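Participant: I have a structure here, written as structure tokens, and I will follow up with some questions on it.
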Amino acid sequence: MNAILVFRDLRQRTVKVMLVSLLIAVSSVATISLFSEHLQQTLLSSANAFLAADRQLNSRSSAPIPIEWIGQAQSQGLKTSLVAEFSTMVASDSGFHLVAVKAVDDHYPLRGELDWQSDLDSPRQSIMHGPARGEVWLNPRLMRMLEVSLGDEVEIGVAAFKVSGLLVREPDARMNLSALAPRLMMHLDDMPSTEVIQPGSRIRHQALFAGAESALVDLEQWLEPQIAGEFRWVDVRQTESLGEALDRAEAFLMLGGSLAVLLAAVAIAVSSREYARSQRDVVALYKTFGMTGRKIQQHYLFRLGLWGVCSAILGLLLAIPAALLLASMAARLMEQRLQFQWSLWPVWPAVLTAAVVLFAFAWPAISRLRDIPAMRVFRSLEQSKPAASLVETSLALLAVFALIWLYTADGLLVLALFSGLSLLLATLATGSALLLKLLGKLSFTWQSWKMAVIRLKRHRSASLVQLTVFAMTLMLASTLILTRTALLSDWQAQLPEDAPNHFLLNIPADSVESVEAFLTEHDIEQNPLYPIVRGRLIAINGTSANEWIVNPEQVSELNRELSLTASSALPDDNSVLAGQWFTPHERWGVSVEQSIAETLGLQIGDELQFTIGAEVISEPVTSIRSVQWDSMRPNFFFMFPEYGALTNQPATWLTSFYLADEDKLILNDFVRQFPTIALLEIDHIIERIQNIISQVSQAVEAILVMILLAALAVMFSVVSATLAERQREGALIRTLGGTQRLMNRSIMLEFAMIGFFAGLAGVMAAELAVWGLQYRLFEGQFQFHWPLILTVPVVSAVLIAAFGRWQLKPVLQVSPMLLLRRLE
Amino acid sequence: MLTDRQSASGNDCMIEVRKLNHHITLSDQPLPILNDIDLKIAYGESAAIVGRSGSGKTTLLGLMAGLDTAVSGEIWLDGHSLLTISEDERAALRASRVGFVFQSFQLLSALTALENVMLPLELSGVDSARQRAEDLLKRVGLEQRLQHTPRQLSGGEQQRVAIARAFAVEPKILFADEPTGNLDSQTGNNVAELLMQLNREQGTTLVMVTHDEALADRCDRQFIIDAGHLHERPQGMDA
């Protein structure tokens, strides 16, 4: 019987509004969870291509990877691949050249693809294997330098190999010294036959692993005690350029999910309150039929439960195609094949959201129906409102924030949102009271204004509820817009389109001018030139560096020669955190990078001693700088003033520039003209990072659009929920002679006022939340966002006025008699 | 349990009211509504309570139906003291014995005429709810309007649906609050006729609050309520 009644309920407007809110809640939370899970997997596997694997194990010395470690990984179901890198000479009929050899086995790469050409004029292909035994692939520039063509032979050590293709890009190319020489790729099994690798040769061994996350974690734990300093375990999150972007994207997705939960709570709180109101007469009637208070409670509990289950199922059914659609859109944008990774666990936040939100917000209002007096059937005009108690509201809010906390495991995020919302509610409570008082004192001659203000005042509490809900919704949407803008501009700033993608190293002092002339001749814009002086840090405040440093492994930079430089200008992406940057003609002092200053515990004024060749210099720390390591620009731990301690030291020079892909042939001329200068090409690394960042940005945009749609739906459902009373009042006003024009204008003005103030309060609260989030979560600089502060109130006023007008259309168009009859 | 038919008060009245007093509190001041009301209505009798607006008619009706509790006095409904049993027991009593017809019909706007009549049957778990509701709607002349919602029905038709709903559970007693109050005289007469007919057919006790003298005249007994005091009007006397 109950089930029949529940289905009949579906015809009621308030029930529909509540179910739609619940459906929006469940489906948006589920879509976001499913999509972000998929996205994280996709982004991570895309980022993992950077390693050509999910994890790498790299030898620090020339020690090979123990074979039993590989066996252990394979026994855990992981895919493995072995790689070795070394530098050697390659010879052709026309000469020989230093190359960076990468020897790979049959399984390489485990993630990502190689860009390969069958010859110089054929199109690039993406392939997922290295060269066959007996063959080598060459970098296109190397091919020109060696003057070989496809099918020719080259010699490495004592073995000869056939050139069978051009290697354009490898997924895991890195910015290291061996990359200074052009790349040659061969099969790992051919390496012994070259006899190049002798005891004591410098060779870097690498094991690649891919597979289930849990198996990777297990392997890491198993290896950890054994790798002790000899090997390095690499996770893509540790790579400076990407780790941070991925972390921030994850934080953003989490924020998006939390906002969806909050929006859902708002929608359900409002619609269930309206539903409870609409049920008062029904409950009174049930009581005349003899239903007891307890039975009535059971009756509604059953309904809520059934609606919760139905909307959870339906919401999930809607969310799956929606997430698939988003994923396929994202795949298209990311130019990737769609591989939707199904997993059931992202579904639990949606189901839990439905349950918690429904019972935290809907149940208190509905459970109070039990107390509706049966006598109400005779006195239906009595309009006592089912007011929520402070305890109930607090418990409900607590439940939602607990839900967000559970969902994101991020106390700071919850705190920022909670403070933003608290400020919003406090502002609204005082602001709206003041506003209504002010509006009441002003005398309006324009009838529409007068009516709008009268209605606002008369329905003070209803207006306040709408104002609050709109303001909360707008706050949440604005928070997301602001964080998204901050993220995107941050990323764009990190790697702009024309970020330098080529480095010139080892420029002898006497070649600086001719290098500059070469670059100018080819219209290449050159970045600052830095002198590089090789030196070691030997003492701090008179104590030897080795004694000063507690844990030498933490400061691996100090175990090798440092690149010291001098400049009068602070690099663009650096900023001074403590002390003063050098004055133009400064002669003394050294500026230290922040992280190394922290590791070494350096303070302004500490005396640093370096050896440069046979000479020892001693300089005080005069400033500490932050450096953006992920900017891919030349950056230094220690910088000296232009006319300081490094002035007379033997230096080579370094510079960087941007070169478009189509201009790369210029490099051949350069190499020919300056054979001793090392050219480091990082364009493919930058391109890959830019590509991943743009993928993350697209994902962020997609989530933003979803949340904005959900926010709009919530706002509309709130207007709909409170519509019946307005329609009744509108009908009466029209009966009493109010013209359509008057009704039209006054309704739009009333909604516009609510929309404007809600927008203003919402965007201000969003600024507070963003300040909190930006400050800690996204580690950015905070600033007021005036364009948004000015736009949101106006847009919200226009939108809400238009929606109100649309919803009240029946009141404005139909004859008053028919209207009253309908509303009876 | 409320199964015994025999009156606990020792007589065979469907309703017995003794020394009933009721007031409401307005601005901390008690405002008397009913004063020392005594009333007995036998099984199968029909009684009209008439009086000016605000005289306390509807309050008395609600108290007799167990929809509210009085400040003092006794009310016995079918042998059960309404003032000594719990709200749940009163609800059980209503479910098994009481039907209502309201001035403002109180139909659920989202339900069709048929579903409105089925509602109390479904709540009492009657299996043949649909058949019984259809029969009753046919009986009140609305066989063509089964699937119409209240908005699509005239006032008279809505009240006929409400009457069909009231009789659906075959109540022992029917309380009607101004059943023709919202209807024109012709429609009101038709509705009144229907109400009396069904009442006779089912042998129901009828207690009705009305302004309509003609309707009151059709009842076996008439009571006048004035400033909270109740008097029985001798039959055949003009008001």
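Participant: Just to be sure I understand, how many residues within the range A:276-316 are touching a Phe, Trp or Tyr at 6+ places or on another chain (Cβ under 7 Å) and either within 14 Å of another protein chain (Cβ to nearest Cβ) or among the polar types (S, T, N, Q) (or both)?
Facilitator: Selection size over the range A:276-316: 2.
Participant: Something else: Test B:Leu114 against the criterion of being over 24 Å from A:Asp371 (Cβ atoms) and at pLDDT 85 or above, and give yes or no.
Facilitator: yes
Participant: Quick test for you: out of B:Ala47, B:Ala65, pick the one residue that is within 14 Å of B:Met208 (Cα to Cα), within 17 Å of the chain's Cα centre (by Cα) and more than 14 Å from chain A (Cβ to nearest Cβ).
Facilitator: B:Ala47
Participant: Answer with yes or no whether A:Glu68 is out of contact with any Lys or Arg (no Cβ under 6 Å at 6 or more places or on another chain), within 29 Å of A:Pro199 (Cβ to Cβ) and charged (D, E, K, R).
Facilitator: Spelling it out, A:Glu68 is indeed out of contact with any Lys or Arg (no Cβ under 6 Å at 6 or more places or on another chain), within 29 Å of A:Pro199 (Cβ to Cβ) and charged (D, E, K, R).
Participant: Does B:Ser72 meet the test of being out of contact with any Leu (no Cβ under 8 Å at 6 or more places or on another chain) and polar (S, T, N, Q)?
Facilitator: Spelling it out, it is not the case that B:Ser72 is out of contact with any Leu (no Cβ under 8 Å at 6 or more places or on another chain) and polar (S, T, N, Q).
Participant: Now for a separate question. Evaluate the following for A:Leu177: is it surrounded by fewer than 15 Cβ atoms within 10 Å (Cβ to Cβ), assigned by TED's automatic domain parsing to the domain that holds A:Asp119 and either modelled with pLDDT under 90 or hydroxyl-bearing (Ser, Thr, Tyr) (or both)?
Facilitator: Yes: the conditions hold for A:Leu177.
Participant: A follow-up question, please. Of the conditions (1) surrounded by fewer than 22 Cβ atoms within 10 Å (Cβ to Cβ); (2) basic (Lys, Arg); (3) at the interface with chain A (Cβ under 9 Å from one of its Cβ atoms), B:Arg94 fails just one. Which one is it?
Facilitator: (1)
Participant: Out of the range B:117-126, which residues are within 10 Å of another protein chain (Cβ to nearest Cβ) and at pLDDT 80 or above?
Facilitator: The answer is B:Met118, B:Leu119, B:Pro120, B:Leu121, B:Val126.
Participant: Follow-up. Can you confirm whether A:Asp172 is assigned to a strand (DSSP E or B), of a type in the set (D, E, K, R) and under 19 Å from A:Glu687 (Cα atoms)?
Facilitator: The answer is no for A:Asp172.
Participant: As an exercise: evaluate B:Gly203 against (1) over 21 Å from B:Thr58 (Cα atoms); (2) buried (at least 24 other Cβ atoms within 10 Å of the Cβ); (3) touching a residue at least 60 places away in the same chain (Cβ under 8 Å) and give the number of the one condition it does not meet.
Facilitator: Checking B:Gly203 against (1) over 21 Å from B:Thr58 (Cα atoms); (2) buried (at least 24 other Cβ atoms within 10 Å of the Cβ); (3) touching a residue at least 60 places away in the same chain (Cβ under 8 Å), the one that fails is (2).
Participant: Would you check if there is a residue in the range A:36-43 being over 24 Å from A:Val236 (Cβ atoms), at pLDDT 70 or above, away from every other protein chain (no Cβ under 14 Å) and part of a helix (DSSP H, G or I)?
Facilitator: no
Participant: Within the range B:97-116, can you find the residues that are facing another protein chain (nearest Cβ under 9 Å), within 19 Å of B:Leu174 (Cα to Cα) and assigned to a helix (DSSP H, G or I)?
Facilitator: B:Arg97
Participant: Which of (1) touching a Lys or Arg at 6+ places or on another chain (Cβ under 8 Å); (2) in a loop (DSSP other than H, G, I, E, B); (3) buried (at least 17 other Cβ atoms within 10 Å of the Cβ) does A:Ser656 not meet, given it meets every other one?
Facilitator: Only one criterion in (1) touching a Lys or Arg at 6+ places or on another chain (Cβ under 8 Å); (2) in a loop (DSSP other than H, G, I, E, B); (3) buried (at least 17 other Cβ atoms within 10 Å of the Cβ) is unmet by A:Ser656, namely (2).
Participant: Filter the range B:127-147 down to the residues that are over 17 Å from B:Gln159 (Cβ atoms) and crowded, with 18+ Cβ neighbours inside 10 Å and list them by number.
Facilitator: Once the filter is applied, which keeps residues that are over 17 Å from B:Gln159 (Cβ atoms) and crowded, with 18+ Cβ neighbours inside 10 Å, the range B:127-147 yields B:Ala129, B:Arg132, B:Glu134.
Participant: Ok, one more. When the range A:597-629 is examined, which residues are found to be under 28 Å from the mean Cα position of the chain (by Cα) and crowded, with 19+ Cβ neighbours inside 10 Å?
Facilitator: Within the range A:597-629, A:Arg625, A:Val627 meet the criteria.
Participant: Of the residues that sit in the range A:618-653 and are touching a residue at least 60 places away in the same chain (Cβ under 8 Å), assigned to a strand (DSSP E or B) and in contact with a Gly (Cβ under 9 Å, 6 or more places away or on another chain), which one is farthest from A:Glu681 (Cα to Cα)?
Facilitator: Only one residue fits best here, namely A:Phe640.
Participant: For the range A:221-230, give me the residue count where each residue is within 28 Å of A:Gly112 (Cα to Cα) and assigned to a helix (DSSP H, G or I).
Facilitator: Within the range A:221-230, residues that are within 28 Å of A:Gly112 (Cα to Cα) and assigned to a helix (DSSP H, G or I) number 5.
Matching residues to (1) under 17 Å from A:Ala103 (Cα atoms); (2) outside any strand (DSSP E or B); (3) not acidic (Asp, Glu):
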| site | (1), (2), (3) |
| --- | --- |
| A:Asp121 | no, yes, no |
| A:Pro131 | yes, yes, yes |
| A:Arg144 | no, yes, yes |
| A:Val168 | yes, no, yes |
| A:Ile197 | yes, yes, yes |
| A:Arg202 | yes, yes, yes |
| A:His205 | yes, no, yes |
| A:Ser214 | no, yes, yes |
| A:Leu219 | no, yes, yes |
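Participant: Determine if the range A:580-588 includes at least one residue that is modelled with pLDDT of 90 or more and aromatic (Phe, Trp, Tyr).
Facilitator: yes
Participant: Given the structure, is B:Ser104 under 23 Å from A:Met375 (Cβ atoms), crowded, with 16+ Cβ neighbours inside 10 Å and hydroxyl-bearing (Ser, Thr, Tyr)?
Facilitator: Yes, satisfied.
Participant: Pull out all pairs, ordered by first then second residue, where Cβ-Cβ is under 6 Å, the residues are six or more apart or on different chains, the first lies in the range A:8-21 and is at the interface with chain B (Cβ under 7 Å from one of its Cβ atoms), and the second is part of a loop (DSSP other than H, G, I, E, B) and of a type in the set (A, V, I, L, M, F, W, C).
Facilitator: A:Arg8/B:Leu111; A:Arg11/B:Ala110; A:Gln12/B:Ala110
Participant: I've got another one for you. Kindly check whether there is at least one residue in the range B:162-175 that is part of a helix (DSSP H, G or I), more than 14 Å from chain A (Cβ to nearest Cβ) and surrounded by fewer than 20 Cβ atoms within 10 Å (Cβ to Cβ).
Facilitator: no
The values are calculated or read from the model by the stated rules, or taken from the named source; none is laboratory data. Everything numeric here is computed off the predicted structure, so don't read it as measured data. With ideal geometry, Cβ positions are generated from the backbone for all residues, glycine too; neighbour counts draw on all protein chains shown.
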